[in-house]
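Each value in this text was obtained by applying a stated rule to the coordinates, not by laboratory testing. Quantities reported herein were computed from a predicted structural model and do not represent experimental measurements. No Cβ is skipped: glycine too gets one built from the backbone with ideal geometry, and neighbour counts run over all protein chains shown.
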Amino acid sequence: MSPKSVLTCQAVSRHFDLIGETVDVLNDIDFNVEQGQMVAIVGTSGSGKTTLLNLLAGLDDPSSGSIEMVQQDFSQLSDKKRANLRNQHMGFVFQFHHLLPEFSALDNVLMPWRIHGKVSPEARQYAEELLTLVGLGERMRHRPAEMSGGERQRVAIARALVKNPDVVLMDEPTGNLDESTSESIQQLIETLNRDLSVSFVIVTHNQEWANRLPNQYRLTKGHLTKIC
């Protein structure tokens, strides 16, 4: 049985009209992520990485082409249905953790469930298991201000995984961390990918990390090229 496709771009382009001038940011991109894949996207600042990530998340629409998540075309969905699809099938981790300061680590991890509705005992138990898995079993009652930068990012990773997504999008997840903490987070993400079979799409400037991942793409002048 062939692997399930969880995220697909077909001939995707994105341009912006600025004061009578058309700026091409992405051009004719074909991209596919299969279940359990680990994918790195590298490129210089301004190459369109964040624009691509926004398109992959259904937060923006391509100027042409199509994007599907778990075989559902974003262009055919209302904003509400897109949001529900993201909530059920996608997780996010950003360079800055975006935790809510007044809530504990556990409550932050449970936030996708609170947005969706009632938090079940099973969801709470799984959130606790995830925090233990990322090395924060003794810190789940602590608030973000009581945690280090690396610990806060681990909470953000657990939050991204709490609803068993098919794919997690990461925008510079280690870019705001020191070298030692960054390496620790990288190893954690690789372990979670292997143990949970969740797909990860990671936008990063860390070329050394990208080089050791099994799938690497480079975004240059709006064109996406597979490196390995």
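Things worth noting here:
- The charge dipole of segment 5-226, taken about its Cα centre with unit charges on the Cβ of Lys, Arg, Asp and Glu (plus for the first two, minus for the last two), comes to roughly 440 debye.
- Taking the chain and dividing mean pair separation by its residue count, relative contact order in percent (alpha carbons under 8 Å, at least six apart): 29 percent
- Using every pair of distinct Cα positions in the chain, the Kirkwood expression returns a hydrodynamic radius of 18.2 angstrom.
- Across all directions, the average projected area of the convex hull around the alpha carbons of segment 1-45 is 4.5 nm².
- Using θ = phi - 60° in the Karplus curve 6.51 cos²θ - 1.76 cosθ + 1.60, the 3J(HN,Hα) couplings for segment 37-47 round to 6, 10, 10, 10, 10, 10, x, 6, 4, x, 7 Hz; x is entered for Gly and Pro.
- Computed from label points 7 Å out along Cα-Cβ, the spacing between Glu102 and Asp178 is 3.2 nm.
- Relative packing of 160-166, 189-195, which averages over residues the other C-beta atoms within 10 Å, highest first: 160-166, 189-195
- Using alpha-carbon coordinates, inclination of helix 79-89 to the longest axis of the chain, degrees: 60 degrees
- Cut-off under 5 Å, modelled amide H: who pairs with Leu7 long-range: Val33, Val70
- Compared with the dominant Cα axis of the chain, that is its longest principal axis, helix 121-133 is turned about 80°.
- Equivalent ellipsoid semi-axes - Cα gyration tensor, segment 75-146, angstrom: 25, 14, 11
- Estimated inter-spin distance, Ala11 and Glu34, nm [label 7 Å along Cα→Cβ]: 2.5 nm
- FRET efficiency, Met111 to Arg212 (Cβ-Cβ, R0 30 Å, nearest 0.05): 0.45
- Sorting the segments 9-22, 64-77 by their mean number of nearby beta carbons within 10 angstrom, highest to lowest, gives 64-77, 9-22.
- Subtracting the Cα-Cα distance of Ser78 and Cys228 from their residue separation scaled by 0.36 nm leaves 50.4 nm.
- Binning the alpha carbon pair distances of segment 171-224 at 10 angstrom intervals from zero yields the distribution 20, 56, 22, 2, expressed in whole percent.
- Debye-sum result for segment 18-131 in log10 I(q)/I(0), which assumes one identical scatterer on each alpha carbon, at q = 0.18 Å⁻¹: -1.14
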